[in-house]
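> My structure is below; once you've seen it, I'll send some questions.
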Amino acid sequence: MSHATTTGLRDSVPGTIPDSGGKTAGLSSRRLPRWAPLGFAAVAVLLGVGISSIAGWHSRIQWGLLSALFFLAISYVATTVVENKRQAKDRLATSVVWVCFLVAVVPLASLLWTTVSRGAERLDGYFLTHSMAGVLGPEASGGVYHALIGTLEQVGIATVISAPLGLLTAVYLVEYGKGALAKAVTFFVDVMTGIPSIVAGLFILSIMLILEIEPSGLMGALALTILMLPVVVRSTEEMLKLVPNELREASLALGIPKWRTILKVVLPTAIGGITTGVMLAIARIAGETAPIMLLVFGSQLINTNPFDGAQSSLPFYIYEQYKVGEVASYDRAWAAALVLIAFVMILNLVARGIARWKAPR
């Protein structure tokens, strides 16, 4: 048998692959164990903390960054020595992804943990069912009931206005808009997406001064509507673009009108993404303080009528209690922040449940 034939048979054996140097590596090639990344991470943390302590660095951020650099270097070098450069590059890319993931998650987890640990100390039934009427700053009593009512009403009004307007605008841009009007609408939606909340508040405030309208929860809701509308439009537009054109064409081929195709085919297909976009918009406006300060003024009393008189809200309540500067007010601020986070999380869970319920089978 010739040398070429022998080489061909050897290369055709299952389980043998050529490495980056042209050599053949079989199933018996050296491989790092699955627990190797955890070992690399442990060694990197020990080196990072040890060197930081010797250097006198007391910042945990410095410790983390140095440990991340050691982790990337150890992963690349060890994989190169044990396996090959090709696998080392692959593991380096994977390690970079994990490091970036941790860099993004650690601050969020730290914020959530701090809010839960500080807010849970004050959060109870009394706090949720009482207002700050007649309560002084240093006193440990008082609650968030009036601010919770204000947030629910103001965000609810803004959602009732923004959701249908944003949905219809997105449908026009995706299904009908082709000319200069659609381009103009898209441009202004992009501009409004980055508008500061204080600008929206000043716009509504100017209208209030011209028409001599008194502060109320409705005025704050109108400012929140301006902030919420572009987020709803943009997210809904992207979800509608993801619906395959084949579904539209199949419906139209059966003689179904376009408006009914949009209503019965396009929107149900994208309902999950649309609902998520609306929830993101609600989360965007639920924490706004500047428009409430300008247009609602805040109140220590319970006001269930958003169309008459000053109201409070959760973000304004947090700002107000932090400004007092007392230990009791700080506790109330942390508890209100926890209530606000729980409010947004509950809305997201409800939205996901509705989206799964209404999604096409």
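The values are calculated or read from the model by the stated rules, or taken from the named source; none is laboratory data. Remember, predicted model here, so these are calculated numbers, not experimental data. Cβ sites come from the backbone with ideal geometry, for glycine too, and all protein chains shown count toward neighbours.
> Can you tell me how many residues in the range 118-166 are touching a Ser or Thr at 6+ places or on another chain (Cβ under 7 Å), surrounded by fewer than 18 Cβ atoms within 10 Å (Cβ to Cβ) and modelled with pLDDT of 90 or more?
1
> Still on this structure, please answer the following. In the range 224-266, how many residues are surrounded by 18 or more Cβ atoms within 10 Å (Cβ to Cβ) and either of a type in the set (D, E, K, R) or in contact (Cβ under 8 Å) with a residue 24 or more places away in the chain (or both)?
Residues in the range 224-266 being surrounded by 18 or more Cβ atoms within 10 Å (Cβ to Cβ) and either of a type in the set (D, E, K, R) or in contact (Cβ under 8 Å) with a residue 24 or more places away in the chain (or both): 20 in total.
> Within the range 307-323, how many residues are surrounded by fewer than 15 Cβ atoms within 10 Å (Cβ to Cβ) and outside any loop (DSSP other than H, G, I, E, B)? Steps first, please.
First pass over the range 307-323, keeping only residues surrounded by fewer than 15 Cβ atoms within 10 Å (Cβ to Cβ): 307-308, 323.
Checking the rest, the ones that are also outside any loop (DSSP other than H, G, I, E, B) come to 323.
So the count comes out to 1.
> On to the next question. Looking at the range 76-96, is at least one residue surrounded by 13 or more Cβ atoms within 10 Å (Cβ to Cβ) and outside any helix (DSSP H, G or I)?
Within the range 76-96 (the criterion being surrounded by 13 or more Cβ atoms within 10 Å (Cβ to Cβ) and outside any helix (DSSP H, G or I)), the answer is yes, since at least one residue qualifies.
> Let me ask something else about it. Does F297 satisfy being surrounded by fewer than 19 Cβ atoms within 10 Å (Cβ to Cβ) and at positive phi?
Values: surrounded by fewer than 19 Cβ atoms within 10 Å (Cβ to Cβ): yes; at positive phi: yes.
It is true that F297 is surrounded by fewer than 19 Cβ atoms within 10 Å (Cβ to Cβ) and at positive phi.
> Which of the residues belonging to the range 104-143 are part of a helix (DSSP H, G or I) and more than 21 Å from the chain's Cα centre (by Cα)?
Result: S117, R118, G119, G125, Y126, F127, L128, T129.
> Considering only the range 29-42, state which residues are surrounded by 12 or more Cβ atoms within 10 Å (Cβ to Cβ) and either among the basic types (K, R) or more than 33 Å from the chain's Cα centre (by Cα) (or both).
S29, R31, L32
> Answer yes or no as to whether I282 is outside any loop (DSSP other than H, G, I, E, B), farther than 30 Å from S131 by Cβ and either assigned by TED's automatic domain parsing to the domain that holds I195 or not aliphatic (A, V, I, L, M) (or both). Don't jump to the end; show me each part of the working.
Numbers: outside any loop (DSSP other than H, G, I, E, B): yes; farther than 30 Å from S131 by Cβ: no; either assigned by TED's automatic domain parsing to the domain that holds I195 or not aliphatic (A, V, I, L, M) (or both): yes.
No, not satisfied.
> Give me the pairs: first residue in the range 197-220 and free of Cβ contacts under 8 Å to residues at least 60 places away in the same chain and surrounded by 14 or more Cβ atoms within 10 Å (Cβ to Cβ), second residue of a type in the set (A, V, I, L, M, F, W, C) and part of a helix (DSSP H, G or I), beta-carbon distance under 8 Å, and six or more apart or on different chains, which are they?
Listed pairs, sorted by first residue: F203/A223; F203/I226; I213/I207; I213/M219.
> Let me ask another. Of the residues T289, T304, which is in contact with a helix residue (DSSP H, G or I) (Cβ under 7 Å, 6 or more places away or on another chain), surrounded by fewer than 21 Cβ atoms within 10 Å (Cβ to Cβ), among the polar types (S, T, N, Q) and farther than 24 Å from I195 by Cβ?
Testing whether each residue is in contact with a helix residue (DSSP H, G or I) (Cβ under 7 Å, 6 or more places away or on another chain), surrounded by fewer than 21 Cβ atoms within 10 Å (Cβ to Cβ), among the polar types (S, T, N, Q) and farther than 24 Å from I195 by Cβ leaves just T304.
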